[in-house]
Amino acid sequence: MGLLTELVHAMRRGVVEVVDLTAPLSERTPIIQLPPERGQPWPFSREVISDYDAAGPTVYWNNIRLSEHTGTHFDAPVHWLSGKGTHDVSEVPPGRLVGPAVVLDFTAEAADDPDFLLRREHVERWQESHGELPEGGWLLYRTGWDTRREDPARFLNEGHTPGVAPECARWLAERTPVIGIGVETVGTDAGLAGEFADRPYPCHWYFHGAGKYGLTQLRNLSLLPPTGAVLMVGPLPIVGGSGSPTRALALVEHPGPA
């Protein structure tokens, strides 16, 4: 039996579970709020083309309008100035859309301080218990923020959302083997990251400058183990696109009794 056939059988038996990490996309999906003088992303909206009616008796479908960075979405390197001229979302190698994932849980810290910042020493302490970060894999940063998902105002929290300290973002992007960072918040950076004096929006700056990726507004990270999951993401291959809404799925193994 081939490896892929074994995988399919394991999924059917429930030995491997497919966990959906994606926030459903709707008119209530929170979007990042920028200063008024900046360009603004479009929220999700739709217009019915036909609904089994005179415009199309046998067809229900819609036109939609949204930003590339609405809802659970993928950030390509070209999204940021530091990645200018590098690959857009349509040019991401398919092999980089599937890879190992680790989950670093700082839910308690973010509950005490919504502006909590992940620092290098936090990651290094995690590695002492769980091993090195995975080659070609993803660091998924759990803060419990998805528990706010039903309340857009509480989710955005007037810009007070957890993130990553500049020195840690640079170290992760330039000195570790991960290819991307995934978060539960509206963007990969802290809500107040635009005010950082040493490097505003450090996750965007350093990860995209290193040719790496971002994932935002993830859910269900509580269902993943600290290590051992496999992440699969499916952004639309938009030519010239800086990113795309995406479906994010994780494969999690549940070994049976020996």
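The simple spin-label model puts a point 7 Å past each Cα toward its Cβ; for Ser45 and Ser26 those points are separated by 1.9 nm.
Each Cα pair under 8 Å and six or more residues apart adds its separation to the average, and for the chain the resulting relative contact order is 29 percent. Largest first and in whole Å, the equivalent-ellipsoid semi-axes of the chain read 28, 26, 18, each the square root of five times a Cα gyration tensor eigenvalue. Reducing the range 179-258 and the range 113-159 to their Cα centroids gives an inter-centroid distance of 10 Å. Each of the peptides 226-235, 4-13, 107-116, 243-252 was scored by the mean count of other Cβ atoms within 10 Å over its residues; in descending order, highest first, they stand as 243-252, 226-235, 107-116, 4-13. With a/c under 1.5 counting as rounded, go ahead and sort the range 122-229 into rounded, prolate or oblate using the C-alpha gyration tensor (a ≥ b ≥ c being the square roots of the eigenvalues; past the cut-off, prolate if a/b is larger than b/c, else oblate). Oblate.
Summarising the amide proton neighbourhood of Gly180: residues at separation of 5 or more, or on other chains, whose placed amide H is nearer than 5 Å comprise Leu139, Tyr213.
Highest mean first, the peptides 53-65, 151-163 sorted by other C-beta atoms within 10 Å per residue fall in the order 151-163, 53-65. Across the range 180-188, computed HN-Hα scalar couplings (Karplus, 6.51 cos²θ - 1.76 cosθ + 1.60, θ = phi - 60°) run x, 10, x, 9, 9, 7, 5, x, 5 Hz from first to last residue, x flagging Gly and Pro.
For the range 160-246, the solvent-accessible area with a 1.4 angstrom probe is 34 square angstrom per residue. Probing with 1.4 Å while keeping every protein chain in the model, the per residue accessible area of the range 5-158 equals 58 Å².
Ligands, DNA and RNA left out, the accessible area of the chain computed with a 1.4 Å probe is 54% carbon and sulfur.
Annotation: amide H of Leu218 within the under-5 Å range of Val183, Glu184, Thr185, sequence separation 5 or more or interchain, hydrogens built in the peptide plane. Convex hull volume of the C-alpha atoms in the range 50-155, normalised per residue: 209 Å³.
The relative contact order of the range 1-80 comes to 24 percent, based on Cα pairs under 8 Å that sit 6 or more residues apart. Note on the range 6-156: antiparallel DSSP beta bridges, both residues inside, total approximately 60 percent of the bridges counted.
The values are calculated or read from the model by the stated rules, or taken from the named source; none is laboratory data. Keep in mind it's a predicted model, so treat the numbers as computed, not measured. Cβ coordinates were reconstructed from backbone atoms using ideal geometry, including for glycine residues, and neighbour counts include every protein chain displayed. Note: accessible area is taken over every heavy atom of the protein model, side chains too, but ligands, DNA and RNA are not part of it. Shrake-Rupley method; radii C 1.70, N 1.55, O 1.52, S 1.80 Å.
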